[in-house]
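Structure first, then comments.
The values are calculated or read from the model by the stated rules, or taken from the named source; none is laboratory data. Computed from a prediction, not measured in an experiment: that's the story for all the values here. Here the Cβ is made from the backbone with ideal geometry for all residues, glycine too, and neighbour counts use every protein chain on show. What goes into the accessible areas is simple: the full protein's heavy atoms, side chains included, and nothing from ligands, DNA or RNA. Shrake-Rupley method; radii C 1.70, N 1.55, O 1.52, S 1.80 Å.
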Amino acid sequence: MAIPASPPRRGGLLRLLSVLLLARAAAAAGGAAASEFDDGTSPKFPGCDNTLQKVKVTYWVGGDEQSSLTGISARFGAVVPDTAGQKQPAVQPEPKGSCAKSSKPLAGSVAVAERGECTFIDKAKTAEAGGAAALLITNDDDALQKMVCTDKDPPPNINIPVVMVSKSAGDKIQTAISAGNKVDILMYAPQKPSFDGAIPFLWLMAVGTVACASVWTAAVVGEEPNKNAASLGGEENPEAEAEVVELQTKTALVFIVTSSFVLLFLFFFKSSWSAWLLVFLFCVGAIQGMQYVSSSLAIRVCSRCGEPKVKLPGIGNVKVLTLVTFPLAFIFAGVWVASMNSPFGWVGQNLMGICMMILVLQVVHMPNIKVASALLIAAFLYDIFWVFISPFIFKKSVMITVARGSDDGPSLPMVLKMPKEFDSWNGYDMIGFGDILFPGLLVAFSFRFDRSHGKDLTDGYFLCLMIGYAFGLSCTYVGLYLMNSGQPALLYLVPSTLGVIAVIGAKRGELSQLWNAKA
C-alpha cells in the first residue's frame with residue numbers, strides 16, 4: 001500500500017524544517033512557569049522589607065472587565081493583599097510621572113503614573129500625599145523593574161501598595177483613561193497552588209505524541225516511507241522523490257547557529273508582527289500535518305480512498321482525498337487563528353501542533369546515534385546557555401523572555417499548552433515543540449532500528465527510550481517545582497534518551513552498530 005498522503009517535496013520539507021527550527025527557538029523552556037522576583041540581594045530594613053511579589057492587575061473599561069495584567073510589587077509600601085478586594089477608580093496624575101503634586105484629585109483612587117524624572121519612592125510619597133489608595137507605575141519598556149531601596153535611603157514609611165507593570169500593559173490602561181473612559185483597577189497577589197493539575201495532562205500529551213509519531217508509519221501507514229531519502233546537508237538525487245530528509249552531522253551546527261540568531265531576533269525585536277509571523281509559519285506546518293494525518297487515517301480505514309485522482313489545470317493529477325482534506329485543514333487553521341485567544345483556543349493549537357509533529361517525525365529521520373549525538377548535545381548546550389548563562393550577558397534569560405512573549409500581539413504558538421484550572425492566575429503550562437521533536441527524532445530512530453534488526457519491545461531500544469523520555473520530562477517538572485523558574489527541558493531529556501541508548505548499546509555490545517546504523 002502506498003503512503004496515503006505523501007509528505008511535501010523538497011521545498012515543503014525545508015519549510016517544515018524551518019518550523020521545527022523556530023519551534024526550538026521560540027518555544028523554549030518547556031513548561032516554564034513565572035519565577036519568583038525576590039532574589040534576596042537588595043537591601044532590607046524597616047519600611048523597605050516587603051517580599052517582591054507577582055501581582056495580578058485586573059481592570060475594567062466602562063464597566064467591562066479586560067484581560068488581567070501582570071505586575072510586580074515594591075520592596076516598600078503596604079503589602080499587596082493576596083485576595084481580591086474592591087476595585088478602585090484609576091486616575092492619571094498631572095504631571096504624569098507623579099513627581100509633583102497632582103492637579104487632578106487622587107483621593108481613593110489608583111494613581112497610574114509613568115516611570116521617569118524621579119525615584120520610585122518619591123512617586124509613591126507624592127501619590128500618597130495626594131490621597132491615592134495605591135500607585136501603579138508603567139515601566140518604560142516591556143519588562144518589570146524591581147523597585148527596591150538603596151543602603152543610603154531613609155525608611156520610606158509609605159502606607160499604600162506600589163506596583164509596576166510593563167510598558168505595553170500600562171499603555172492599555174493609560175490609553176483607556178486618556179480616551180475619557182471610566183477605568184477601575186483591582187490589584188492583588190494570589191498565592192500559587194501547591195499542586196498544578198495541568199502538568200500530568202501536559203506530560204501525557206508530550207509522551208503520547210513521541211510514542212504515536214514514532215510508530216505512526218508502521219501502525220497507520222503500513223509500510224516504511226520512501227528509502228530514496230534526501231540527505232540534508234549531503235548529496236541529493238534529483239530524480240528521487242524527497243519524501244524523507246535524512247539529517248547529517250553538520251546539520252547540528254546549522255540548527256543551533258540559526259536557532260540562536262532567530263532567538264536573538266525575537267529577543268531584541270519582540271513585536272506583534274514577529275509573533276504573527278510565527279503564527280503564519282505554525283499554520284503552514286500545521287495544515288500540512290493535519291492533511292497528512294487525516295489522509296493517513298482515512299486510507300487506514302478505507303484503503304481505496306486514496307486511489308481516485310483528478311487532473312487539475314497547471315497542477316496535474318491530484319488525489320480526491322487531498323482535495324477534501326486540505327481545504328478542511330485550511331479552514332480549521334483559519335478558525336483557530338480567529339479564536340486563538342478564546343478559552344478553548346489551546347485545544348485547536350494542541351491538535352494542530354501534534355499533527356505537525358507527527359508529520360515532521362515521518363519526514364525527518366535520524367540515521368544513527370552519531371548524528372543524534374551531534375544534534376542533541378549541541379541542543380543540550382544551546383538550551384543551557386540561553387536559559388542559564390544568557391542572563392549574565394543580556395541581563396535576563398533570553399529563552400525564557402522570548403517564550404513568555406509580550407502583552408501585545410498573539411502568544412507564540414510553538415508549544416503544547418494546558419490551562420491551569422486550579423491557579424488564580426489562569427495561565428498555562430507549556431512545553432515547546434522542540435522539547436518533543438529533538439528527543440523524538442532519536443526515539444523514532446530506535447523504533448526503526450528495532451524493526452530492521454528484528455528486535456521486539458523486550459530486547460529492543462524503543463521501550464527503554466520511551467521510559468527514558470518520560471522520566472526526563474518528569475525530572476523537568478520536578479526541577480521547575482523545586483527551582484521555581486523556567487527550565488531548559490533538554491538538560492534532562494538528552495541524558496535520559498541519548499545517554500540511555502548509549503549505555504544500553506555499550507552493555508549489549510551494539511554501540512558500534514548504533515553509531516553507524518542506517519535506520
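For the stretch 309-321, name all the residues that are open to solvent by 40 Å² or more (accessible area, probe 1.4 Å) and out of contact with any strand residue (DSSP E or B) (no Cβ under 7 Å at 6 or more places or on another chain).
Filtering the stretch 309-321 for residues open to solvent by 40 Å² or more (accessible area, probe 1.4 Å) gives 309-315, 317, 319-320.
Correct list: Pro313, Gly314, Ile315.
Please find, among Ala506, Ala489, the residue that is without any contact (Cβ under 8 Å) to a residue 12 or more places away in the chain and out of contact with any Lys or Arg (no Cβ under 6 Å at 6 or more places or on another chain).
Result: Ala506 is the single residue among Ala506, Ala489 that is without any contact (Cβ under 8 Å) to a residue 12 or more places away in the chain and out of contact with any Lys or Arg (no Cβ under 6 Å at 6 or more places or on another chain).
Quick check: is even one residue across the stretch 362-385 over 23 Å from Ile199 (Cα atoms) and of a type in the set (Phe, Trp, Tyr)?
Within the stretch 362-385, one or more residues are over 23 Å from Ile199 (Cα atoms) and of a type in the set (Phe, Trp, Tyr).
What are the pairs with Cβ atoms under 6 angstrom where one residue, in the stretch 60-84, is outside the structural domain of Trp425 (by the TED database) and the other, located anywhere, is open to solvent by 60 Å² or more (accessible area, probe 1.4 Å)? Sequence gap at least six, or different chains.
Val61/Asn181; Gly62/Asn181; Gly62/Lys182; Ala78/Asn159; Asp82/Gln191
Is the stretch 92-108 home to any residue that is open to solvent by less than 30 Å² (accessible area, probe 1.4 Å), outside any loop (DSSP other than H, G, I, E, B) and modelled with pLDDT of 90 or more?
Checked against the condition, which is being open to solvent by less than 30 Å² (accessible area, probe 1.4 Å), outside any loop (DSSP other than H, G, I, E, B) and modelled with pLDDT of 90 or more, the stretch 92-108 yields no hits at all.
Could you list, in sequence order, the residues of the stretch 244-282 that are part of a helix (DSSP H, G or I), open to solvent by 30 Å² or more (accessible area, probe 1.4 Å), in contact with a Gly (Cβ under 9 Å, 6 or more places away or on another chain) and of a type in the set (S, T, N, Q)?
Across the stretch 244-282, the qualifying residues are Thr249, Ser272.
Gly285: farther than 30 Å from Leu511 by Cα and either in the same structural domain as Thr209 (by the TED database) or not in a helix (DSSP H, G or I) (or both), yes or no?
Criteria not met by Gly285.
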